[in-house]
Amino acid sequence: MRSLPTQDYRRSDYRVPTRPFTGLDAVVNRYIGAYRSRAAVAAGLLKESESIIQLEREYRDLTNAELQRRLIEFREHFRRGGRQVPAYVGPALAAIREAADRQLGLRAFPVQIMGALALHRGLLAEMATGEGKTLTAGLAAVLAGWSRRPCHVITVNDYLVERDATWLETFFHFCGVRVGRVVGSAPPPERVKGYECDVTYVTSKELLADFLRDRLHLGRLQDPTRRLIRHLLQPQTAARSPLVLRGLHTAIVDEADSVLIDEAVTPLIISASHKNETLRNAAGFACEMVRALEPGVHYQINHRYKEVELTEAGQGTLVEQVQKLPGLWQGPERRLELVIQALVAREFFHRDKQYILDNGKVVIVDEFTGRPMPQRTWQAGMHQAIEAKEGIEISDPSETIARLSFQRFFRCFHKLSGMSGTAREAAGELWQSYGLAVITIPPNRPCARQHWPDRYFATEPAKWEAIAAEARRIHALGRPILIGTRSIAASERLGALLAADGLEPRVLNAARLKDEASTIALAGDPGRITIATNMAGRGTDIKLGDGVAAAGGLHVMASERHESGRIDRQLFGRSGRQGDPGSAQAFVSVEDELIQRYLPGPVRRTLAGAWQRDSAWKERFLAWGCDYAQKKAQNSARKQRNTVLRSDLWMDQALSFAGADTI
């Protein structure tokens, strides 16, 4: 079917992002952000939500048909737009609240209405874990979907995309809104169908990838005026649109700190593989050459920056074996690059941590979500170096054909909002990078979760034994336990340790995706032990089984600290939802990756010596070291994001000067 010129224009419509403020402008902008995040804004939203709650009498006695008729009337007002729309927001939310109660059995609390108002007005709502962010996003998505402009509800993984869209489908349908979903495995026809809906649930990576692919399809026809002229000159091309999206307008970002901060360290890259037999052979030869190289003798390791530097002995060994490499790679610079890459693959990329092997293929594991990413590859020959290390078939390398940072992409939306349980710490960066003011939404019920003191150990084996002993103790009380680990290998190791003690833990990681729904559903049952990577740390609610609340609720154990304190708090937030009882505790050792990577060498040695001497202040010293290491890790990640932003600006200037299409 042939589209109208306005429809074709909207299919590639987006807001041209403005350049981030710098210097004195950035200082002034920071104060503006603080003003828009002031407590008075939250107080105003709460007062408005309470007035909306008072309207429930107007809709409670209506039949379903009458309520739907009122919802359709509101939809027409929002579709037409205009100055009168703000006056309809309150009554419309009251009607939507009634619809949610009838279709989902959930009557939104005042704080959820408050959150929906914040999302509708382009704010970032900080809502504690378990406060019902999924329903809150659904309420705001109905208002956005009524406008018939594209509304994307963005979450952190495909599991949550499927879960949320399926759960809310009857509610959206009742409100006259079409809902779709797009997951990583969806083929182009299904993606088109998902994006054609009023509200689309999707991950940030899939949405950005589809946006870049659409721009590649358009080529020099990204300007809608050019497309209109071509359609006039070549009418036969008008019916054949290669686009998947129908434009960018509204984005509601769930777990916004993860999507907008943690996962924005690197840009998303679209690449295409190309034949390069020489590089494939060279990667295999380089892997053989480094087998005899020893750390500390032939090369030095920088754990913080994940870098390797050859010593003079290493350089000499490399010269002796240079004849093994293909002729192109025998030059000093090229062979050094190849060998360094092989060493980095060996020292910093580990199976069941950064990647898994699936059917003879290297599959990257997302560092923040713990999920496999089968369609992703490392760039610049690193993927081939890891394949050579694992002794599997080496694939063809890929070359970059499109790239875009998440910071720049999310500034392309006309209307951006979000939710998170831990956004306040990143409020300054969220405002400076995305123009999102953070508003704290109070909990519906006071949090009853207990935070037990961290426990500290000299070695990792001692820590794992203590975790197992504590799990046995809590299990004997009939309480469910969730143990968070940072890697697949750690989760499997702990699972085997507990199984040897006669316990029956359920392990959830990237290699065990099939059982995710059932594992989460049962994780709150009496005596249940669940071991999970970050997969269970975002967007999931663990409901308590019978008698669990009386026994003390869910107990969460962190097997080590993450590089961001917000991820630790997200894990602890799995317990104590909606005023339920619960407890949380972290276990830390001197040998943990965070300590080893981010504490300076002299401090690590002093810390190890304190444990050997059984110093009275050793635990306090390790607690300080852990906090210091986390701050260093967070600062390092922030610098990486700033580097990405500077790269954006540089490319913008360079491409604009060259006359190329930019965003």
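Listing for the model above:
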read-out	value
Residue count for region 270-314, restricted to those that are touching a Lys or Arg at 6+ places or on another chain (Cβ under 8 Å) and either loosely packed, with under 15 Cβ neighbours inside 10 Å or not in a helix (DSSP H, G or I) (or both)	4
Residue in region 351-373 that is surrounded by 19 or more Cβ atoms within 10 Å (Cβ to Cβ) and basic (Lys, Arg) present	yes
Unique residue being in a loop (DSSP other than H, G, I, E, B) and either within 32 Å of the chain's Cα centre (by Cα) or in contact (Cβ under 8 Å) with a residue 40 or more places away in the chain (or both) when the list is Ala128, Ala94	Ala128
Pairs, first within 12 Å of Gly484 (Cβ to Cβ) and touching a residue at least 60 places away in the same chain (Cβ under 8 Å) in region 521-532, second surrounded by fewer than 24 Cβ atoms within 10 Å (Cβ to Cβ) and of a type outside the set (A, V, I, L, M, F, W, C), C-beta under 8 Å, six or more apart	Ala532/Thr519
Matching residues in region 54-75 - criterion: being of a type outside the set (Asp, Glu), in contact with a Lys or Arg (Cβ under 8 Å, 6 or more places away or on another chain) and assigned to a helix (DSSP H, G or I)	Tyr59, Asn64, Leu67
Every residue from region 378-400 that is crowded, with 21+ Cβ neighbours inside 10 Å and of a type in the set (Val, Ile, Thr)	Ile386, Ile394
Residues located in region 97-122, provided they are buried (at least 24 other Cβ atoms within 10 Å of the Cβ) and not in a helix (DSSP H, G or I)	Ala108
Looking only at region 564-610, and only at residues there that are in a loop (DSSP other than H, G, I, E, B) and not charged (D, E, K, R), the one that is nearest to the chain's Cα centre (by Cα)	Ser564
Single residue of Arg403, Arg408 found to be among the charged types (D, E, K, R) and modelled with pLDDT of 85 or more	Arg408
Matching helices (runs of 4 or more DSSP H) fully within region 164-264 where at least 1 residues are in the same structural domain as Glu126 (by TED's automatic domain parsing), on the phi > 0 side of the Ramachandran plot and modelled with pLDDT under 95	none
Count of region 162-196 residues which are under 23 Å from Pro242 (Cβ atoms) and touching a residue at least 40 places away in the same chain (Cβ under 8 Å)	6
Test for Tyr598: is it surrounded by fewer than 17 Cβ atoms within 10 Å (Cβ to Cβ), at pLDDT 80 or above and aromatic (Phe, Trp, Tyr)	no
Number of positions in region 341-382 that are touching a helix residue (DSSP H, G or I) at 6+ places or on another chain (Cβ under 9 Å) and outside any loop (DSSP other than H, G, I, E, B)	17
Out of Ala551, Ala608, sole residue that is of a type in the set (Gly, Ala, Ser) and not assigned by TED's automatic domain parsing to the domain that holds Ala521	Ala608
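The values are calculated or read from the model by the stated rules, or taken from the named source; none is laboratory data. Computed from a predicted model, the values in this text were never measured in an experiment. All Cβ positions, glycine included, derive from the backbone under ideal geometry; neighbour counts span all protein chains shown.
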